[in-house]
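Heads up, the thing below is written out as structure tokens.
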Amino acid sequence: MRSVLVPPAEHHKVLFEPIDIGPKTLRNRLYNVPHGTAYGTLRPATWASYRAARAEGGWAVVSTEFSSVDPSSDEWPLHSSDIWDEEDACRHKLMVDSVHDHGALASIELHHGGVHALRRLSREPALSASGMSSDLPPPACPPGTPKIMSRNDIERVQQSFVNAAVRARDVGYDIVDVLAGYGYLCAQFLSPFHNHRTDGYGGSLGNRARFWLETLSQVRDAVGGDCAIATRLAVETQGPWGQSIDDTVALVRMADPLVDLWDLNVGSLDWGSDISPSRVIPEGRNLELFGRVRRAAQKPVVGVSRLTSPDLMAQAVRSGLIDIVGSARQSIADPFFPQKVLEGRTEDIRECMGINHCISSLDRGNLTCAQNATSGEEFRRGWHPERFDVLARPEVSVLVVGAGPAGMEAAIGLAKRGADMVHLVDAAEHLGGHLRPVGRLSGLQEWTRFIDHRMIQIGKLPNLQFIPSTRLDADDIRDYGASHVVVATGAQWSGTGLTPGTHAPLEGVVEGADWVFTPEQLLIEGRRPVEGSQVTVYDAEGYYMGAGVAQLLADEGYKVDLVTPHAQVAAEADMTLEGSAIRDSLHGSGVAMHREVLLSAAQFGRIYGVGQFEEPFTLETDALVLVTVRVPVDGLYQELVRDHEALEEAGIEAVHCIGDALSPRPLADVTFEGHRLAREFESPNPAIALPYKREPLRLVRRGAFSDPLD
Ligand code: ADP
């Protein structure tokens, strides 16, 4: 849907001033920095289409994820877009051409992992500055002592960077970005923690910088006339890596003549400080540090800091803290962010929530986004981030029951496809379903950006009406007059402590007993245990809810024990880079944490279970909060579909069940499902997803198969 176009707000205009970097000119100040997708060169059509959507959305530069330069840094099964040979180069060309088609520059991030390289396919020894083992624990990194790089190794790896840069130039990349951050090989040389060498590559800061400086210089000599040269550098690293901002300023002065652009981030292996979750780190936290680098540099600076607000972005550029706004997550959530700012449609931006679903999904092998269901589906399912096909038969009236994430997403999609009338009905007073109370948990306020965005869109769609505070039963639905019904009634936490590890409820737990609580009862109904009493939270799920309610109760003055069957509290939150912050906070609030305990029974005053070695476990408690599994609320759907005749009589052509009511899942998955139903509403059987396109197996050359963007 397009509103009347207006020019960008005066205070955003600075974001649309072109800027030169070396031989290239950026069309604006919005730079889609390197970030993983897990598609890479292994799924080149998916990858090219995903990147091209960001180019089409107006980003000035679209970058690859880390692109390994050499088999000694084979990163499979992680998400590298390798550039070792001509075959790889062909795959890159598809991406580069697709990005160029939309007027953006293409950048490649050249990478060598050093001691952190996985090397599963190449089976080569790990290379290192001075034989220091990886500080990543297994299984993140395999155990072993890496080979100390000889002068020959150094020359060989530097030559790999040069060869990769030449290949990148030859397939049309505009920017070659040498990765010196994230604790990989260049950063290992820079850090006294990893670099104990006594030759010219170790010792003083200048010596430790030599590997990186020589690499930059050689890459510049090889392709500097054709490509802009950038380098990604952390402005500060925490813990033993110990690179201070003063060190960084000194490094920047050394390398400034060799680069055309500084690509700045923060942190090394502590990804959580760079890919910062919204629960921990506020937007824009790194800007002052970037400003210090910028004052020391002659060359422009692009910096990332979980920026999502065009106001703050413009202010950062105007005040000279950065020249160019770097963005990964905002570009995932809304590829068309630049175009929306340019057209003065900031209210249409799908703002990144900082929940880091992107990180957990890409580490599991396929980048997806909780805000943007189309991310990664541009080729596979042909979904455009902004455009919907009009329904072949728009004369439908759709009743969506349940305005949680799945219901909202389906209703908006159907309204955007031009359905005559969509009614979104909820028993609750507000939109949002299970997500609304999540915003009351400590640090999770930004998660409700999901609802804010959809509330604005619903308000703009004349054929979509939200009807609050209305609980519908099967008769109401049949009498409603809708031609199609979508049931999105969500899920409820088990009130009996049904546990994944036992597939049984907790013995002795009576649902609704005054000493037993579910998250809904705490967060929606406002029920509480006796003030100041001892409360046990049993978290068999292991994501944000168990830890969230434990924190809430501790903050309210309860004495809290958190019991989990998992090896780590909030284990899933480690995938989203939130785990250690959650545990630190619980610990600081006096929450006692009991891991690897599987509960089997509970009674008022006491809980029972077994520990890791089958030893008995018991704990006194006044109240028990059950965060175990979510159970679908699908009774309404079952009742409707049981009586086909009644549906026919009512003129209802189809009833669909989506979201948590079908199968309780993470936010991204139920959002995807709502979106998919809208996109595939007229398919022969919308309950089953249409087959999606797989990667062509033949060698990928542009023109050798139909353009994925067509
Ligand atoms: P999902 O995550 O699948 O979108 P949610 O649990 O977030 O599901 O949302 C389900 C929504 O459905 C809740 O807001 C709830 O109030 C609403 N709901 C459940 N049953 C009914 C009903 N019978 N009539 C109207 N709304 C309902």
Query raised in the report: How do the pairs read when you match residues in the stretch 481-509 that are within 22 Å of Pro666 (Cβ to Cβ) with residues anywhere that are assigned to a strand (DSSP E or B) and hydroxyl-bearing (Ser, Thr, Tyr), using Cβ under 9 Å and keeping only pairs 6 or more apart or on different chains?
Result: Gly497/Tyr538; Thr499/Tyr538; Thr499/Ser600
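Taking the stretch 75-101 as the region of interest, how many residues are outside any helix (DSSP H, G or I) and touching a Phe, Trp or Tyr at 6+ places or on another chain (Cβ under 9 Å)?
6
If you take the residues in the stretch 277-294 that are in a loop (DSSP other than H, G, I, E, B) and hydrophobic (A, V, I, L, M, F, W, C), which one is surrounded by the most Cβ atoms within 10 Å (Cβ to Cβ)?
So the first thing to find is which residues in the stretch 277-294 are in a loop (DSSP other than H, G, I, E, B), and the list is 277-286.
Cutting the leftovers down to hydrophobic (A, V, I, L, M, F, W, C) gives us 280-281.
Working: Val280: 18, Ile281: 20.
Selected residue: Ile281.
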Query raised in the report: Would it be correct to say that Phe379 is of a type in the set (Phe, Trp, Tyr), in a loop (DSSP other than H, G, I, E, B) and surrounded by 24 or more Cβ atoms within 10 Å (Cβ to Cβ)?
Result: yes
Query raised in the report: Looking only at residues in the stretch 18-34 that are over 18 Å from Thr231 (Cβ atoms) and touching a Phe, Trp or Tyr at 6+ places or on another chain (Cβ under 9 Å), which one is most open to solvent (accessible area, probe 1.4 Å)?
Result: Arg27
Query raised in the report: Which residue pairs have Cβ atoms under 7 Å apart, sit 6 or more places apart or on different chains, and have a first residue in the stretch 651-662 that is aromatic (Phe, Trp, Tyr) and a second that is open to solvent by 20 Å² or more (accessible area, probe 1.4 Å) and within 16 Å of the ligand (Cβ to nearest atom)?
Result: none
Requested in this report: Could you list all residues from the stretch 253-276 that are over 24 Å from Arg29 (Cα atoms) and open to solvent by less than 10 Å² (accessible area, probe 1.4 Å)?
Outcome: Ser268
Report task. Return yes or no: is Glu75 open to solvent by less than 50 Å² (accessible area, probe 1.4 Å) and modelled with pLDDT under 95? Result -> yes
Query raised in the report: Is there a residue in the stretch 385-394 that is surrounded by fewer than 24 Cβ atoms within 10 Å (Cβ to Cβ) and within 16 Å of the ligand (Cβ to nearest atom)?
Result: no
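Which members of the stretch 644-685 meet the condition of being more than 10 Å from the ligand (Cβ to nearest atom) and either open to solvent by 70 Å² or more (accessible area, probe 1.4 Å) or hydroxyl-bearing (Ser, Thr, Tyr) (or both)? If you could, list the steps in order and put the result at the bottom.
Step one: filter the stretch 644-685 for residues more than 10 Å from the ligand (Cβ to nearest atom), giving 644-656, 668, 672, 675-685.
Listed by number, the residues that qualify are His644, Glu645, Glu648, Glu649, Glu653, Glu682, Ser683, Pro684, Asn685.
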Query raised in the report: Residues in the stretch 131-147 that are open to solvent by less than 80 Å² (accessible area, probe 1.4 Å) and hydroxyl-bearing (Ser, Thr, Tyr): how many?
Result: 2
Report summary line: For the stretch 419-439, pairs from a residue that is more than 19 Å from Glu682 (Cα to Cα) and assigned to a helix (DSSP H, G or I) to a residue that is open to solvent by less than 50 Å² (accessible area, probe 1.4 Å) and near the ligand (Cβ under 8 Å from one of its atoms), with Cβ under 8 Å and 6 or more apart or across chains, are Leu435/Gly404; Leu435/Pro405; Leu435/Leu667; Arg436/Ala428
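Please work out if Val317 is under 28 Å from Glu578 (Cα atoms), assigned by TED's automatic domain parsing to the domain that holds Pro257, outside any loop (DSSP other than H, G, I, E, B) and touching a Leu at 6+ places or on another chain (Cβ under 9 Å). Give the derivation first.
Working: under 28 Å from Glu578 (Cα atoms): no; assigned by TED's automatic domain parsing to the domain that holds Pro257: yes; outside any loop (DSSP other than H, G, I, E, B): yes; touching a Leu at 6+ places or on another chain (Cβ under 9 Å): yes.
No; evaluated as a whole, the condition is false for this residue.
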Query raised in the report: Name the pairs: first residue in the stretch 621-638 and touching a residue at least 60 places away in the same chain (Cβ under 8 Å) and away from the ligand (no atom under 16 Å from the Cβ), second residue among the hydrophobic types (A, V, I, L, M, F, W, C) and in a helix (DSSP H, G or I), Cβ to Cβ under 6 Å, at least 6 apart or on different chains?
Result: Val625/Val549
Query raised in the report: Mind checking which residues of the stretch 457-480 are more than 13 Å from the ligand (Cβ to nearest atom) and touching a strand residue (DSSP E or B) at 6+ places or on another chain (Cβ under 7 Å)?
Result: Ile458, Asn463, Leu464, Gln465
Query raised in the report: Residue check: is Thr374 in a loop (DSSP other than H, G, I, E, B) and open to solvent by less than 10 Å² (accessible area, probe 1.4 Å)?
Result: yes
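Yes/no per residue for (1) in a strand (DSSP E or B); (2) modelled with pLDDT of 95 or more; (3) in contact with a helix residue (DSSP H, G or I) (Cβ under 8 Å, 6 or more places away or on another chain); (4) assigned by TED's automatic domain parsing to the domain that holds Ala474:
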| residue | (1), (2), (3), (4) |
| --- | --- |
| Leu599 | yes, yes, no, no |
| Ala602 | yes, yes, no, no |
| Arg606 | yes, yes, no, no |
| Glu614 | no, yes, no, no |
| Glu620 | yes, yes, no, no |
| Glu648 | no, yes, no, yes |
Report task. Collect the residues in the stretch 609-628 that are surrounded by fewer than 18 Cβ atoms within 10 Å (Cβ to Cβ) and under 20 Å from Ala661 (Cβ atoms), keeping them in residue-number order. Result -> none
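Among Gly542, Gly546, which is the only one that is assigned to a loop (DSSP other than H, G, I, E, B) and more than 16 Å from the ligand (Cβ to nearest atom)?
Working: Gly546 fails: assigned to a loop (DSSP other than H, G, I, E, B).
From the options Gly542, Gly546, the qualifying one is Gly542.
Are any residues in the stretch 567-581 assigned to a helix (DSSP H, G or I), open to solvent by less than 10 Å² (accessible area, probe 1.4 Å) and more than 18 Å from Thr628 (Cβ to Cβ), and if so, which ones? Spell out the reasoning first.
First, pick out the residues of the stretch 567-581 that are assigned to a helix (DSSP H, G or I): 571-575, 579-581.
Keeping just the survivors that are open to solvent by less than 10 Å² (accessible area, probe 1.4 Å) gives 573, 579.
Correct list: Gly579 only.
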Query raised in the report: From Gln371, Gln339, which residue is more than 16 Å from the ligand (Cβ to nearest atom) and at pLDDT 95 or above?
Result: Gln339
Query raised in the report: From the list Ser128, Ser107, which one is in contact with a Phe, Trp or Tyr (Cβ under 8 Å, 6 or more places away or on another chain) and crowded, with 20+ Cβ neighbours inside 10 Å?
Result: Ser107
Query raised in the report: Taking the stated definitions as given, is Ala53 among the small types (Gly, Ala, Ser) and part of a helix (DSSP H, G or I)?
Result: yes
Query raised in the report: Which one of these is assigned to a helix (DSSP H, G or I) and either away from the ligand (no atom under 13 Å from the Cβ) or at pLDDT below 95 (or both): Arg454, Arg449?
Result: Arg449
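Conditions tested, residue by residue: (1) among the hydrophobic types (A, V, I, L, M, F, W, C); (2) more than 16 Å from the chain's Cα centre (by Cα); (3) within 24 Å of His656 (Cβ to Cβ).
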| position | (1), (2), (3) |
| --- | --- |
| Leu367 | yes, no, no |
| Ser397 | no, yes, yes |
| Ala427 | yes, yes, yes |
| Leu435 | yes, yes, yes |
| Gly443 | no, yes, no |
Query - Qualifying positions in the stretch 200-241 - more than 12 Å from Phe161 (Cβ to Cβ), in contact (Cβ under 8 Å) with a residue 24 or more places away in the chain and open to solvent by 40 Å² or more (accessible area, probe 1.4 Å) - result: Gly225, Asp226, Glu236, Gln238, Gly239, Pro240
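The values are calculated or read from the model by the stated rules, or taken from the named source; none is laboratory data. Being a predicted model, the structure only gives us computed values, none of them experimental. Note: ideal-geometry Cβ built from the backbone for every residue, glycine included; neighbour counts use all protein chains shown. We work out accessible area using only protein heavy atoms, side chains counted, and drop any ligands, DNA or RNA first. Shrake-Rupley method; radii C 1.70, N 1.55, O 1.52, S 1.80 Å.
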